[in-house]
Amino acid sequence: MTPRVMIVEDEEALGLLLRYNLEAEGYTVEVVPRGDDAETRLKETAPDLLLLDWMLPGISGIELCRRLRARDTTRTLPIIMLTARGEEQERIRGLATGADDYVVKPFSVPELMARVRAILRRSRPEVIASLLRAGDIELDRETHRVRRSGRELRLGPTEFRLLEFLMKSPGRVFSREQLLDGVWGRDVYVDERTVDVHIGRLRKAVNRGRVKDPIRTVRGSGYAFDDQFVGMN
């Protein structure tokens with residue numbers, strides 16, 4: 001089951017950034033720029049989690065949060081409030097209104113993704129898998145261990161994150177820039193050639209012996225986790 005996330009954010013660039021990163025994590029994402037439009041959509045269908053900006057046209061995020069908590073159908077909907085208001089009293093107000101978490105702008109995207117996973121793990125454990133499996137490769141997000149055909153592989157932390165990122169979207173081709181953003185984060189400057197170095201290290205660790213390489217190089221575009229590999233045993 002694919003977790004569904006609704007983003008209610010009127011800053012177009014931020015909405016696109018969040019959509020990209022959440023979809024890279026494997027979520028189904030909808031972006032709504034107005035509070036009143038979001039309220040209408042939420043009456044029709046509720047997502048698994050709501051990322052809600054405080055300041056919105058139509059209805060403010062804090063008011064929308066209050067209304068959602070007053071309805072039976074959305075009373076337990078997980079909500080993360082996004083806001084530039086970082087004062088303690090404002091954080092208390094947001095949490096008291098019913099938000100499950102409170103993230104102050106500007107924020108770290110990897111940290112926000114971790115908060116999303118943590119909340120979904122508590123509220124909808126069935127939609128957050130701790131194990132990723134593809135072919136004869138098994139990646140355990142909880143223990144940070146990777147096995148192939150039952151044999152444990154030794155991966156560095158960057159290679160682990162790189163493999164996890166690719167395995168979440170089999171078949172999708174990621175450019176070097178997209179891999180830098182998704183694995184290293186936008187706040188860290190790393191040369192794009194670094195991606196090639198770590199892909200090489202990942203392949204060396206994963207492909208010992210006469211086995212099929214699960215990492216596909218797409219000339220001129222980037223890298224992908226081979227979707228044909230997923231169905232192999």
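Bear in mind that the values in this text are calculations on the coordinates, not laboratory data. Here the structure is a predicted model, which is why all the values come from computation and not from measurement. Cβ sites come from the backbone with ideal geometry, for glycine too, and all protein chains shown count toward neighbours.
Annotation: amide H of TYR102 within the under-5 Å range of MET81, sequence separation 5 or more or interchain, hydrogens built in the peptide plane. Here the 3J(HN,Hα) profile of the stretch 195-204, calculated from phi with Karplus coefficients 6.51, -1.76 and 1.60 at θ = phi - 60°, is 4, 4, 4, 6, 4, x, 5, 4, 4, 4 Hz, Gly and Pro shown as x.
If the chain linking LEU16 and TYR189 were pulled fully straight, counting 0.36 nm for each residue of separation and taking away their Cα-Cα distance, it would gain 60.2 nm. Cross-link partners for LYS105 among the lysines, with Cα-Cα distance under 30 Å and sequence neighbours closer than 8 places in the same chain left out: LYS43, LYS168. Net charge within 12 Å of MET6 by Cβ-Cβ distance, Lys/Arg positive one each and Asp/Glu negative one each, not counting MET6 itself? Charge balance in the 12 Å sphere: -4.
Here the Kirkwood formula, the inverse mean of 1/r across different C-alpha pairs, assigns the stretch 108-209 a hydrodynamic radius of 14.7 Å. Over the chain, the fraction of Cα-Cα pairs per 5 Å bin, rounded to whole percents and listed from the shortest bin up, is 1, 6, 13, 17, 17, 14, 11, 9, 6, 4, 1, 0, 0. Projected over all directions and averaged, the alpha-carbon convex hull of the stretch 1-72 occupies 4.6 nm². Simple point charges give the picture: +1 on the Cβ of Lys and Arg, -1 on the Cβ of Asp and Glu, and for the stretch 90-233 a dipole about the Cα centre of about 380 debye. Here the spin labels are modelled as points 7 Å beyond Cα on the Cα-Cβ line, and at ARG172 and ASP227 they lie 1.2 nm apart.
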